[in-house]
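Enquirer: This is the structure I have questions about; it appears just below.
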Amino acid sequence: MNDIVVNVNGSRRSLAGAAVHTTALDWLRDTGLSGSKEGCAEGECGACAMLVATPSADGGTAWTPVNACLVPVYALDGQEIVTAEGLGSVEALHPVQEKLAAAGGSQCGYCTPGFACSMAGEYYRADRTPPPADTEHEGGCPVHDDDHGPNGFDLHALSGNLCRCTGYRPIRDAAYALGVPEDADPLRKRLDEPAPEPLPTRAVVDGASFVRPRTLAEALDLLRDEPSATVIAGSTDWGVEVNIRGRRTPHAIAIDHLEELRTLTISEDVIEIGAALPLSEVERRLDGAVPLLSQLFPQFASRLIRNRATFGGNLGTGSPIGDTPPALLALGARVVLVSADGEREVALSAYFTGYRESVRGSGELIRAVRIPLPLAKLTAFHKITKRRFDDISSVAIAFALDIDEGVVTTARIGLGGVAATPLRAYAAEAALVGQPWNVATVRKASALIGAEATPMSDHRASADYRALMLDSALLKLYSTTRVETKEVSA
Amino acid sequence: MSALADRPAHPVVGLPAAHESAALHVTGAAMYTDDLAAHTAGVLTAWPVQSTNAHAKVTVDVSGAYRVPGVVRVLTAADVPGVNDAGIKNDEPLFPSESRFYGHALVWVLGETQEAARLGAEAVTVEYEPLPSLITVQEAIDAGSYQGIARTVQRGDAASALASSAHVFEGVTSFGGQEHFYLETHASLAIRDSEGQYFVQCSTQHPSETQEIVAHVLGVHSNQVTVQSLRMGGAFGGKEMQPHGFAAIAALGAKLTGRPVRLRLNRTQDITMTGKRHPFHISWKVGLDENGYLQALDATLTCDGGWSLDLSEPVLGRALCHLDNAYWIPNVHAHGRIAKTNKPSNTAFRGFGGPQGVFLIEDILGRVAPAIGVDPLELRRKNFYRPGQSTPYGQLVKDADRLDTIWGQLREEADVDARRAEIESFNASSPHVKRALSMTPVKFGISFNFAAFNQAGALVHVYKDGSVLINHGGTEMGQGLHTKMLQVAATALGLELHQVRLAPTRTDKVPNTSATAASSGADLNGGAVKDACEQIRARMAKVAGRMLDVDERDVRFSGGQVSALGRPERKAAFAEVAHAAYLQRVQLFAAGYYRTEGLHWNPEIMQGSPFKYFAYGAAATEVEVDGFTGTYRVRRVDIVHDVGDSLSPMLDIGQVEGGYVQGLGWLTLEELRWDTSDGPHRGRLQTQSASTYKLPSFSEMPETFTVRLFENAREDGAVYGSKAVGEPPLMLAFSAREAIRDAVGAFGPARHSVELASPATPEAVFWAVRTAQAAAAPAAERALTSAR
């Protein structure tokens, strides 16, 4: 037994008795809150989405939607969450619920509570603002792009929610019809107060433990004493292992709230990003400072995942199909590893050693990634997938080039999905540097991009397709830098 | 005119009602099967032991499971008191002695918790004695492995018409299946009550058949089993035939343990154990005259039935009855057969074979149009059925003129001709990105081919206070059937919508129901609800006539009031009349019944009039294809669709849009990949989760999406002049596939015929672009040479 408590829809509920691997979703349903649904149990469908009170930049709170199926419920010790049941009731619908219902946004209704939560997160987003009034079309309709509504609603907020019935149009209409929260709205008022502090947690149930240390030093001591412990940050990867592959760990160490891992600093010659900072938070704090990452973020899984997923996790799993490694390789990033014995820094290009293997030793944590400045001027992230939003890449290619007076001066190209590890396309880089930025150079370098790659065929794509995507990526990039490409004979 | 189709003044049908459960949906208060289980005390969880061999004799040792704490019971074949079969064809053993596909459930473990049941299942050991397996349709064809009855639709003399056609093409068209991916996986909750009866809450489209299967497995009669389908979190055909075995497992567990048993498949179990849309392999030969008119089609269709028959025969039948789509083909010889493979048993899926039939003719027209130098839109339009023409299976095409009317309206409203001109100039200056706009029609036959299914029942109660409760035999899977039934009842009784409530669908309220399928839910159950309401209304009219001092024939029911014709001051509230009727001992409840008239069908010769009417529609889709990667975007979709006079326009538009996007998923994105190697996991589904099997998400939503319902579209043969809507719109998505084909063609030389693999994933499109570019390269060289 333990006295761990989570605040759900304004009421305190005890975790007493729950096994330590229990997900927030299973716990909610076991305690009678069956509004949250399991559609996939791997963070793909969003039917389980719930809101978590997280700290905002101004010292207040943000309502951050996350997948309840991936979050270990013990990670919510002392935290506040809101589910669809807590947004409103049949007698008093919440504004997002009212719009969804009236627009025909629910058919079978199974995905709907999750949509309501994702929409509510965006509804309360502090920086959701309509485009300025002076940018109206002649017809009086405010200008908005493909992914944003006239009320500033970002459709990417719903990229992690699947609906099999509606075809999404009425859901989009409901989202775009939302106004701004009223001052008296209790969830709106909650934003002005600080978010709950993370609590140090120590739960042991049936011999398995879930521990949230207070400090990084404490975490490193724990890890030194128990090197086989499972380190959990956003749990967007581990949660899938638990649910789909039935993996259990005797020792879980939660590091997602460690302040030392949640820093983001921009100095003259380096940007340092804490390993446990959720990608959404990184995106918000960078605010476009790294254009290559700005291109990457909307293509990295879904908002629901990015609200939990971290750079540390994406590098820590060592997966060859992670989306951040190719971009970080192109940016020349370095990884800061820390253990009870101290800190060291390794180039990301030397970090991966084999399939899901790296130089990170037992007892070591990733503390941060460092991106050297200045950044290359021409950057691009090409992710080849079946689906545009929220898909795993069959090939990911990141470019970072400097072109000075028509000559390539620096080139870094990161590749994912084409070998056992993410890798740099060194041969192609060498073929670019010092050469004029023209079709002949691009063709020559293109032929070499795949030189270090060993693409395979699987259910996502064939090896041939992957290889050709490598071949054509630089040409595609080139075609976007030259609006009019005129080929001349040599 | 027909009484069935006539609407009274101020009908509630035709109003854009929101889904009757919308407020419950958005607040998470709507209960689904496993939610009810979550609120049931003492419930056990059932978990399957799944085979890891596509085809093998199995010996199962369950003793290990009993050593796992929390395991209560392992269900095996020895426990079955009745028939060990999950279907109606006696070819689906519930507890098999032979694994017939990778993932086949062999035994089921009951645990105090899901964790206990799962660990118990892990502790069960299975010995496999491997047998040869067939995974692909081609392997089955090569091995001559078929099941069920092969059928042929025939008209005229295809062989000699082909011989005399100006243009003759032949080819093979093959395409994959589709996972239903209802967000709510299969789920059942069974409780044995104090009287020894079994109550099964099941996510099923066919409660009566679920009831029959549960009864035959338990060896009891149907009157000992009640099946309720409160609501489903999506079904799309996947819960028409396939829930029965799961319900039977839960009920068997309840019988043997005396405890409530829940069974909810997780996503991986659902996707690896249950059937999907049938993949087809079709070889064909087509003939057209010098003006591009279709003359003959000769085709052999082989569908992949999977390991058992399930609904493969009627699915094949509907494919054979839809390979004409909207086109007059004077000479047809189409032979269909069902392959038997070692895969899950393929089943109903929105369209039920219809989309597979339509696929064939649309693929043919898309491929041959450039080859004969006819614009594909023109080729389609000129081959439309004309009034008076009949289908290859001998049914007059009723309202055939609607095809041309809808096509013309769409072409104009979507500004198709001007946009195609714009696209042409865009393509001329865009070497790496090409656009195209294409249109396709749909004609879809409404009614079950199996005539007996075209009946339905309802039970309507009017209480003394004037409130109304309706039951009917149809199930709610999100399509809005219950909402429409409330609208029908309110219309028939002259009430406002809020005065009518609906009770959950249960076999003890309305017996012997048909599956809610074939788009027919509203037609059939609406007819039955209307019948019941009209019986009650007629009785109440007599009472009201006496109250209002007019003849009963001059009593009108509208807006919750009962009044005298031409004397509106003489009126009474519906509740007053109901109360008076009670006091006068007039029956205020009625059973309603409906059967679709005029249907006949001879399956032996595949001739007759199996459909009450046809639903029509057309779609125009514009796409943009990136030549570097094969990725594409759907830029704009315009649809005009015929739902008769709509019962509920917002719901109908929702069905049209949802159907389109689901069809788009099948044709472009959703890919089932099986391990076809000879390795240890032969037959394993490789795309068995949401992360590997990709449904359309927000990113696939067309940027501009406009749906219009065809107006003044009264259908005399259906309730309040409406038409069925569930399935037909799925086939509107062929316009997207054809647009992709045309955009790919724009990378090639003029008159380049594009063969597009299905699904048209970015990789498939990329290879088609490469082929087109390769065809263009020598052409460009030739042009250059001649210029010199």
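Enquirer: With 22 Å as the limit, write out which pairs from B:K89/B:K276; B:K340/B:K443; B:K276/B:K340 have Cα-Cα distances beyond it, or answer none.
Expert: In this structure, B:K340/B:K443 lie more than 22 Å apart at Cα.
Enquirer: Rg to Rh ratio, region A:272-350, alpha-carbon atoms and Kirkwood radius?
Expert: Over the Cα atoms of region A:272-350, Rg/Rh equals 0.95.
Enquirer: Relative to the Cα centre, what is the charge dipole magnitude of chain B, using +1 at the beta carbon of each Lys and Arg, -1 at the beta carbon of each Asp and Glu, and rounding to the nearest 20 debye?
Expert: 780 debye
Enquirer: Given the alpha-carbon gyration tensor of region B:694-768, what are the semi-axes of its equivalent ellipsoid in whole angstrom, ordered largest first, with each equal to the square root of 5 times an eigenvalue?
Expert: So the three semi-axes of region B:694-768 are 34, 16, 12 Å.
Enquirer: For the protein assembly as shown, what is Rg from Cα atoms divided by 2.2 N^0.38 Å, rounded to two decimals?
Expert: Against the empirical 2.2 N^0.38 Å value, I get 0.94 for the protein assembly as shown.
Enquirer: Let me check something: with ligands and nucleic acids excluded, how do B:K464, B:K382 order by accessible area (1.4 Å probe), largest to smallest?
Expert: Putting B:K464, B:K382 in descending order of accessible area: B:K464, B:K382.
Enquirer: Shifting gears a bit: For region B:1-157, compute Rh as the Kirkwood radius over C-alpha pairs and then the Stokes-Einstein diffusion coefficient at 25 °C and 0.890 mPa s; write the answer in µm²/s, rounded to an integer.
Expert: 120 µm²/s
Enquirer: For region A:286-326, place one equal point scatterer on every Cα, skip the solvent, and apply the Debye formula. What is log10 of I(q)/I(0) at q = 0.15, 0.16, 0.23, 0.26 Å⁻¹?
Expert: Those come out to -0.35, -0.40, -0.82, -1.01, one per q.
Enquirer: Would you mind computing the Rg to Rh ratio of region A:341-487 from its alpha-carbon coordinates, Kirkwood style for Rh?
Expert: Ratio of gyration radius to Kirkwood radius: 1.00.
Enquirer: Now for a different question. Which order do peptides B:679-687, B:253-261 fall in by mean Cβ count within 10 Å, highest first?
Expert: Most protected by this proxy first, the peptides run B:253-261, B:679-687.
Enquirer: In addition: Treat every Asp and Glu Cβ in region B:632-680 as -1 and every Lys and Arg Cβ as +1, leave all other atoms uncharged, and give the resulting dipole magnitude about the Cα centre to the nearest 20 debye.
Expert: Magnitude of the dipole: close to 300 debye.
Enquirer: For peptide B:31-37, compute the average count of partner chain beta-carbon atoms within 10 Å of each residue's beta-carbon.
Expert: 3
Enquirer: A further question follows. Please label the shape of region A:341-413 as rounded, prolate or oblate, based on the square roots a ≥ b ≥ c of the eigenvalues of the alpha-carbon gyration tensor (a/c under 1.5 means rounded; beyond that, a/b larger than b/c means prolate, else oblate).
Expert: Since a/c reaches 1.5 but b/c is at least a/b, the shape of region A:341-413 is classed as oblate.
Enquirer: Here is a further query. Hey, got the dipole for region B:683-788? About the Cα centre, +1 on K and R Cβ, -1 on D and E Cβ, debye to the nearest 20?
Expert: Value, rounded to 20: 400 debye.
Enquirer: Let me ask something additional. List the lysines whose Cα lies under 22 Å from the Cα of B:K542, skipping any in the same chain that are fewer than 8 positions away.
Expert: Counting by Cα, and skipping residues close in sequence, B:K542 has these lysines nearby: B:K464, B:K530, B:K571.
Enquirer: Right, here's the next one. What is the mean number of Cβ atoms from other protein chains located within 10 Å of the Cβ atom of each residue in peptide A:110-119, rounded to a whole number?
Expert: Averaged over the peptide's residues, the number is 5.
Enquirer: Once you place label points 7 Å from the Cα toward the Cβ at B:H498 and A:R344, how far apart are they in nm?
Expert: 7.2 nm
Enquirer: Where q = 0.20 Å⁻¹, what log10 of I(q)/I(0) comes from the Debye formula for region A:222-367, counting one point per Cα?
Expert: The Cα Debye sum returns log10 ratios of -1.44.
Enquirer: While we're on this one: Let me make sure I get this right: for chain A, a, b and c are the square roots of the gyration tensor eigenvalues over alpha carbons, sorted descending. Under 1.5 in a/c it's rounded, otherwise prolate if a/b > b/c, else oblate. Which is it?
Expert: Taking the square roots of the gyration eigenvalues as a ≥ b ≥ c, chain A is oblate.
Enquirer: Where both partners of a DSSP beta bridge lie in chain A, what percent of those bridges are antiparallel, to the nearest 5?
Expert: Counting DSSP beta bridges with both partners in chain A, the antiparallel share is about 90 percent.
Enquirer: If you don't mind, there's one more thing I want to ask. Please find the FRET efficiency linking A:R443 to A:R248, where r is the Cβ-Cβ separation and R0 is fixed at 60 Å, and quote it to the nearest 0.05.
Expert: Given R0 = 60 Å and the Cβ-Cβ separation, E is 0.70.
Enquirer: For region B:635-788, restrict the atom set to alpha-carbon positions and state the Rg and Dmax in Å.
Expert: Final numbers for Rg and Dmax: 20.9, 70 Å.
Enquirer: Same structure again: Which of the listed residues, B:A150, B:S160, B:V200, is farthest toward the dipole's positive end in region B:90-202, when Lys, Arg count +1 and Asp, Glu count -1 at the beta-carbon?
Expert: Value: B:S160.
Enquirer: Calculate the mean, over all residues of peptide A:43-51, of how many other protein chain Cβ atoms lie within 10 angstrom of the residue's Cβ.
Expert: Mean partner-chain Cβ count within 10 Å for A:43-51: 3.
Enquirer: Using the eigenvalues of the Cα gyration tensor, what equivalent ellipsoid semi-axes result for region B:171-290 when each is taken as the square root of five times the eigenvalue, whole Å, largest first?
Expert: Semi-axis lengths for region B:171-290 are 37, 15, 11 Å.
Enquirer: State whether chain B is rounded, prolate or oblate according to the following rule on the C-alpha gyration tensor (a ≥ b ≥ c being the square roots of its eigenvalues): a/c under 1.5 gives rounded; otherwise a/b larger than b/c gives prolate, and the remaining case gives oblate.
Expert: Verdict is oblate for chain B.
Enquirer: State the dimensionless ratio Rg/Rh of region B:476-608 (Rg: radius of gyration of Cα atoms; Rh: Kirkwood radius).
Expert: 1.08
Enquirer: Taking the simple approach of a point 7 Å from Cα along Cα-to-Cβ for both B:E711 and B:S430, what is their distance in nm?
Expert: Placing both labels 7 Å beyond Cα along the Cβ direction yields 3.3 nm.
Enquirer: With every atom except the alpha carbons ignored, what do you get for Rg and Dmax of region B:245-369, in angstroms?
Expert: Answer for region B:245-369, Rg first and Dmax second: 19.7, 73 Å.
Enquirer: Please work out the Kirkwood hydrodynamic radius for region B:335-445, using every pair of different C-alpha atoms, and report it in angstroms with one decimal place.
Expert: Computed over Cα pairs of region B:335-445, the Kirkwood hydrodynamic radius comes out at 17.1 Å.
Enquirer: Among B:Q499, B:H322, B:P370, pick out the residue whose Cα is farthest towards the positive end of the charge dipole of the protein assembly as shown, where Lys and Arg carry +1 and Asp and Glu carry -1 on C-beta, about the Cα centre.
Expert: It is B:H322, whose Cα lies furthest towards the positive end.
Enquirer: Still on this structure, I have one more. Do the alpha carbons of any pairs in A:K383/A:K476; B:K239/B:K694; A:K37/A:K189; B:K285/B:K343 sit beyond 23 Å of each other, and which pairs?
Expert: Long pairs (Cα-Cα over 23 Å): A:K37/A:K189; B:K285/B:K343.
Enquirer: Something else: Please compute the contact order of region A:15-171 in relative form: average sequence separation of alpha-carbon pairs under 8 Å and at least six residues apart, divided by the residue count, as a percent.
Expert: 25 percent
Enquirer: Further, regarding this structure: Please name which of A:V336, A:A57, B:G457 has its Cα lying farthest along the dipole of the protein assembly as shown towards the positive end, using unit charges on Cβ (Lys, Arg +1; Asp, Glu -1) and the Cα centre as origin.
Expert: After comparing all options, I get B:G457.
Enquirer: Starting from the eigenvalues of the Cα gyration tensor, five times each then square-rooted, give me the equivalent ellipsoid semi-axes of region B:1-90, largest first, whole Å.
Expert: Output for region B:1-90: semi-axes of 47, 23, 13 Å.
Enquirer: How large is the Kirkwood hydrodynamic radius of region B:396-513, in angstrom, based on all distinct alpha carbon pairs?
Expert: Over region B:396-513, the inverse of the mean reciprocal pair distance is 19.2 Å.
Enquirer: Another one. Give the Rg (one decimal place) followed by the Dmax (whole number) of region A:259-308, computed from C-alpha coordinates and expressed in Å.
Expert: 10.8, 32
Enquirer: Do you know the relative contact order of region B:124-260, to the nearest whole percent, from alpha carbon pairs under 8 angstrom that are 6+ apart?
Expert: Computed over region B:124-260, the figure is 25 percent.
Enquirer: Cα-Cα pairs above 27 Å in region A:1-126: how many percent?
Expert: In whole percent, the share of Cα-Cα pairs in region A:1-126 beyond 27 Å is 15.
Enquirer: Restricting to Cα pairs below 8 Å that are 6+ residues apart, what does the relative contact order work out to for chain A? Please round to a whole percent.
Expert: 11 percent
The values are calculated or read from the model by the stated rules, or taken from the named source; none is laboratory data. Just so it is clear, the structure is predicted and the values come from calculations on it, not from any experiment. Cβ atoms come from the backbone with ideal geometry, glycine included; neighbour counts cover every protein chain shown. Heavy atoms of the whole protein, side chains included, go into the accessibility calculation; ligands, DNA and RNA do not. Shrake-Rupley method; radii C 1.70, N 1.55, O 1.52, S 1.80 Å.
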